[in-house]
Amino acid sequence: MKKVIGGKSYDTEKAQLLHNYSYGNPGDFDYWQESLYVTSKGAFLVLGEGGARSKYAKRVGQNSWGGGEDIKPVSKVEALRWLEEHDGAEVILEHFAGEIEEA
């Protein structure tokens, strides 16, 4: 997916996929999936898609909703938080190792 946001171009086909996370079953109204990417210039983005009752739903008529998708740029801190919340420990240790303190 390609999108221009704030004067910057984002293209998931050119970015590196770091991690996927999904909820529910494809085809369900509540289903959603998100993928975290990093661009060659170090910008992070989340590509999300979901069903008619997900946060990615799009209006398709009066009182009618369908599935949709969107790209959202996120900061490095937000990307780290997203990985923590979506079972991305291996990715954190690989891409954020210098910023993680051992407990």
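Bear in mind these aren't lab numbers, they're just calculated from the coordinates by the rules spelled out. Here the structure is a predicted model, which means the values were calculated and not measured. No Cβ is skipped: glycine too gets one built from the backbone with ideal geometry, and neighbour counts run over all protein chains shown.
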Going through segment 69-103 in order, the residues found to be within 24 Å of MET1 (Cβ to Cβ), in a helix (DSSP H, G or I) and not charged (D, E, K, R) are VAL77, ALA79, LEU80, TRP82, LEU83, VAL91, HIS95
Output the residue which, of all residues in segment 73-103 that are in contact (Cβ under 8 Å) with a residue 40 or more places away in the chain and not small (Gly, Ala, Ser), is surrounded by the fewest Cβ atoms within 10 Å (Cβ to Cβ).
ASP87
With the requirement that a residue be in a loop (DSSP other than H, G, I, E, B) and of a type in the set (Val, Ile, Thr), what does segment 32-45 give you?
THR39
Within segment 36-45, considering residues that are of a type outside the set (Phe, Trp, Tyr) and crowded, with 18+ Cβ neighbours inside 10 Å, the one farthest from TYR10 (Cα to Cα):
LEU36
Filter segment 48-79 for residues that are more than 11 Å from the chain's Cα centre (by Cα) and hydrophobic (A, V, I, L, M, F, W, C); which is farthest from SER35 (Cα to Cα)?
VAL60
Exactly one condition in (1) of a type outside the set (Ser, Thr, Tyr); (2) touching a residue at least 60 places away in the same chain (Cβ under 8 Å); (3) closer than 20 Å to GLY6 by Cβ is false for PHE44; which is it?
(2)
Does segment 46-61 contain any residue that is surrounded by fewer than 15 Cβ atoms within 10 Å (Cβ to Cβ), assigned to a loop (DSSP other than H, G, I, E, B) and not basic (Lys, Arg)?
no
